[in-house]
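Just so it is clear, none of the values below were taken in a lab; they were calculated from the coordinates. Everything numeric here is computed off the predicted structure, so don't read it as measured data. Cβ sites come from the backbone with ideal geometry, for glycine too, and all protein chains shown count toward neighbours.
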Amino acid sequence: MGNKKKSSNSLASNGTSDDALSILAGTDNSNVESEADRLGREEHIIATYAASAKAIDPHSRDIQVRDVTISFHGANLIENTDFVLNYGNRYGFIGPNGSGKSTIMKAIAARAIPIQDSIDLYFLSHEYPATDTPALKAVYEVDEERAQLEADAEKVNEIIAETEDEETQTKLSDHLNLLYERLDELDATTAEARASSILHGLGFTKNMQSMKTKEFSGGWRMRVALARALFLQPTCLVLDEPTNHLDMDAVFWLEDYLANWNKMLLFVSHSQDFMNTVCTHIIRLNEHTKKLDYYTGNFDSYVQERKIRDEEQQRKYDAEQRDIAEIKDFIARFGHGTVKMVRQAQSRQKLLDKKLEAGLTPKPVPDALWDFSFPDPGELPTPVLMVQDVSFQYNPTAPLLFSHVEFGIDLESRIALVGTYRLLKIYFTCQNYISNFFYRSQWSWKIYFC
């Protein structure tokens, strides 16, 4: 039976050694509402899972939970499916828009399913707040976490000195090594240089790195938050569409950076190229079965493997349907004949009932195919749109972001506008300036912003 996870600070869960380990839990937070409980109360996201008879290894770096069900406002997004993340793997999480991927990631980040305390999990869900903190400092300032790790390490050393149980000492020593590894990753002597390198990769110049976060737009503060997530190097990093708000150069840099991520990574992306570069595994949210299907390899490997699985499932489905049709035909023809034939028909009926009770192979359902069509505009004289001698700056004293831009658009033009995110945003969101940017021909036209 599934059980909703309650918040716990305990680092172990069985045996006499647990009493020693539980000292590391610190203060009693039994009356503090957990993030999982808040998620259920405010956002109506509920997770259940199978209770395991075997205690979870508190120092394991893998996440394995059986029979997970996650619901949103009473509707199940996944049902009785296994959730598995193994250390060292990078998982691309795919599924149709609106199927609940982001909601499921919220539940995981809130530890609504049992995830051992030794796994630090970071979910990037919103931009860094607008404060007076410079962008660079916002990334590498982890004094609170470093202090907590140092305090935990001191507690572990004290317990090791006081206990005589060898098994307990071994477990504590393993945990102490993990704490020291984490402290090395947050080494203050290299923190600023590492943070600066990450920000540079995401498009921040030296001058921008010293700017206060309140001086940036929401998109740039999202980059600050992403940089901080990468800097912290959590055991399990969860990202929801990390390439949003990034220009092409930053996307390429992030691809290379995450392709070398050697811990656990779970992310959603709509870019096939991005997943091909980064992923070692694919998790598919099957909206028809409400299960999580696991595939080894990148997105291209997933497409090939899924085709093979679907073909095998189709063959099995066809064979079962043929068997059922033959059995039903036999029962219909001989169910009212001689005693011998009636008995055979009854035997076939029992066989059919067993097949149905055991469950039949569902027919594989292909992904929906979308057909986009556009009305024929007829013949229009060239140029349909013309940009002539356009410059832009935020105010008379601000530097020019671009100047003397000129280009034309014809009916057969298919143009990719490449550049920094800031410049592209100006072109496509400052619609008040569009009438000044474009020369309109004698024919009527419309511009669609997506």
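Things worth noting here:
- Extent along the principal axes, Cα only, for the range 224-362: 81, 24, 23 Å, with the longest axis given first.
- If you wrap the Cα atoms of the range 69-228 in a convex hull and average its projected area over all directions, you get 13.1 nm².
- Working value for the range 301-358: equivalent-ellipsoid semi-axes of 35, 10, 5 Å, each the square root of 5 times a Cα gyration tensor eigenvalue, largest first.
- When each of 291/355; 101/354; 263/363; 106/316 is checked by Cα-Cα distance, pairs over 26 Å: 101/354; 263/363; 106/316
- Counting every other Cβ atom within 10 Å of each residue's Cβ, 83, 402 order from fewest to most as 402, 83.
- Peptides 411-418, 230-237, ordered by how many other C-beta atoms sit within 10 Å of their residues on average, highest first, read 230-237, 411-418.
- Residue among 330, 317, 303 farthest towards the positive dipole end of the range 301-358, charges placed on Cβ: 330
- Look at where the Cα atoms of the range 344-382 and of the range 203-221 average out, and the two centres are 49 Å apart.
- For residue 408, the residues whose amide H sits under 5 Å from its own are 387, ignoring neighbours fewer than 5 places away on the same chain, with H placed 1.01 Å from N.
- For the Cα trace of the range 60-99, dividing Rg by the Kirkwood Rh returns an Rg/Rh value of 1.03.
- For the range 135-244, lysine pairs with C-alpha atoms less than 26 angstrom apart, excluding pairs fewer than eight positions apart on the same chain, total 5.
- A DSSP coil position with no more than 11 other Cβ atoms inside 10 Å describes the following trypsin sites (Lys or Arg not before Pro) in the range 51-137: 54.
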